[in-house]
Amino acid sequence: MKKKVFSALLALAMLAGCSNGGDGGETPADDGAKTYNVGVSIYDYNDNFMTLYRNEIEAYFKTLETDEVKYNVTIVDGKNDMAEQTNQVENFITQGMDVIILNLVQTSSADAVIDKVVAAEIPLVLINREPMGTDGDMSYKGILDNATVCYIGADARQSGTFQGEIVAELPDHGDINGDGKISYIMIEGDPENVDAQYRTEFSIKALTDAGYEVECLADQVGNWKQENGQTICANALAQYGDDIEVVFCNNDAMALGAYAAIEAAGRTVGEDIYLLGVDALAECVEMVENGTMTGTVLNDHIGQSHTAVDVAVKALNGEALDNYYWVDYVKVTK
Ligand code: GAL
């Protein structure tokens, strides 16, 4: 008898699973729960920050599972190759994913990808790399014009401003040698990313707006990578030596590389040079604590990944989406 009731319930639950969600590709699991298929493509698995972000996407989806709803999350590595990522998105479409979360390799390819996903009637949640509209941020047509496409990110101007403010708030305001100007080098992320553009611009703007004089000794692209941060910083230290007072890095990975170069050059952070990053990777927060980094800025991967997942779930439930969702940065100093 017991068995019979169970099978009847199971059949009912499966029916509900099939009818609910209509033409979506969600599949009823054996136990009668509804399983949603989620496709995620991350621009590059080698990126430290995006590794934290993607792990949290996976972990957070798990916490939202219930007896009735499961999430079958497939995460793939875009390998920093837009052609590869386009293939992955096409595969997600063929596989009938119910929602796609995408960290674009190239924001300049956003339209091509958005068009494919929208044509397949799959909701699309863009994360971390904001495609820029003609009127700057928050104006991308492909996002504004499509009710099922949205972007989740953090305003990179804020992170740049925080970096500049950390320097301005130092007792010597970054002017270690007292010559009346802050002499710095800038190590930039991928210049196609607005995060790199804004952090580069707004870190310095915070200083000049506060009335400080600045001098840029070197400004080089390190593409978010630790090894590039090290090489760029080592070369700059060899060329400009003690003239360098502040090393601004658009992210912590490059700051870790820069730190290795600073140490190798016999310089001491907090005494004869300052070092700034963004992301607040655990090892960098520790360095800020022990004084080997001047400051960093929390790029809240927990807040962003949870928002991305919550929005994906809204889309799965057929709820209306905003175009843009923002998560704040937080200054990290000792
Ligand atoms: C930034 C982050 C960098 C890198 C980049 C990738 O927001 O600070 O570390 O992950 O995104 O686009």
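Quick check on S139: is it touching a strand residue (DSSP E or B) at 6+ places or on another chain (Cβ under 6 Å) and free of Cβ contacts under 8 Å to residues at least 24 places away in the same chain? Spelling it out, S139 is indeed touching a strand residue (DSSP E or B) at 6+ places or on another chain (Cβ under 6 Å) and free of Cβ contacts under 8 Å to residues at least 24 places away in the same chain. Of all residue pairs spaced 6 or more apart or on separate chains, those with beta-carbon atoms under 8 Å, a first member in segment 253-273 that is at positive phi and a second member that is surrounded by 23 or more Cβ atoms within 10 Å (Cβ to Cβ) are G270/T294.
Residues that are more than 28 Å from K34 (Cβ to Cβ) and in a loop (DSSP other than H, G, I, E, B) within segment 72-110 comprise G78, K79, N80, D81, L104, V105, Q106, listed in sequence order.
Would you say G277 is touching a Gly at 6+ places or on another chain (Cβ under 9 Å), within 18 Å of Y198 (Cβ to Cβ) and assigned by TED's automatic domain parsing to the domain that holds Q226? Judged against the criteria, G277 is a match. Is it the case that segment 46-58 has a residue that's in a helix (DSSP H, G or I), among the aromatic types (F, W, Y), modelled with pLDDT of 95 or more and under 30 Å from N223 (Cα atoms)? The answer is yes, given that some residue of segment 46-58 is in a helix (DSSP H, G or I), among the aromatic types (F, W, Y), modelled with pLDDT of 95 or more and under 30 Å from N223 (Cα atoms). The number of residues in segment 252-291 that are closer than 24 Å to P191 by Cβ and out of contact with any Ser or Thr (no Cβ under 9 Å at 6 or more places or on another chain) comes to 5. Of everything in segment 180-196 that is more than 14 Å from the chain's Cα centre (by Cα) and under 14 Å from D219 (Cα atoms), the residue that is farthest from the ligand (Cβ to nearest atom) is S183. Specify the residue that is surrounded by the most Cβ atoms within 10 Å (Cβ to Cβ); the eligible residues are those in segment 241-280 that are among the charged types (D, E, K, R) and within 18 Å of I166 (Cα to Cα). Across segment 241-280, the extreme among qualifying residues is D252. Only a single criterion out of (1) touching a His at 6+ places or on another chain (Cβ under 8 Å); (2) free of Cβ contacts under 8 Å to residues at least 60 places away in the same chain is not satisfied by I232, namely (1). Scanning segment 154-179 for residues that are within 16 Å of the ligand (Cβ to nearest atom) and outside any helix (DSSP H, G or I) yields a total of 2. Residue selection: Y151 fails the criterion of being under 20 Å from the mean Cα position of the chain (by Cα) and either in a helix (DSSP H, G or I) or on the phi > 0 side of the Ramachandran plot (or both). Hey, does segment 116-125 have a residue that's surrounded by fewer than 22 Cβ atoms within 10 Å (Cβ to Cβ) and either polar (S, T, N, Q) or in contact (Cβ under 8 Å) with a residue 40 or more places away in the chain (or both)? Taking every residue of segment 116-125 in turn, at least one turns out to be surrounded by fewer than 22 Cβ atoms within 10 Å (Cβ to Cβ) and either polar (S, T, N, Q) or in contact (Cβ under 8 Å) with a residue 40 or more places away in the chain (or both).
The values are calculated or read from the model by the stated rules, or taken from the named source; none is laboratory data. From a predicted model like this one, the values you see are computed outputs, not experimental measurements. Heads up, the Cβs are rebuilt from the backbone with ideal geometry, glycines too, and the neighbour counts pull from every protein chain shown.
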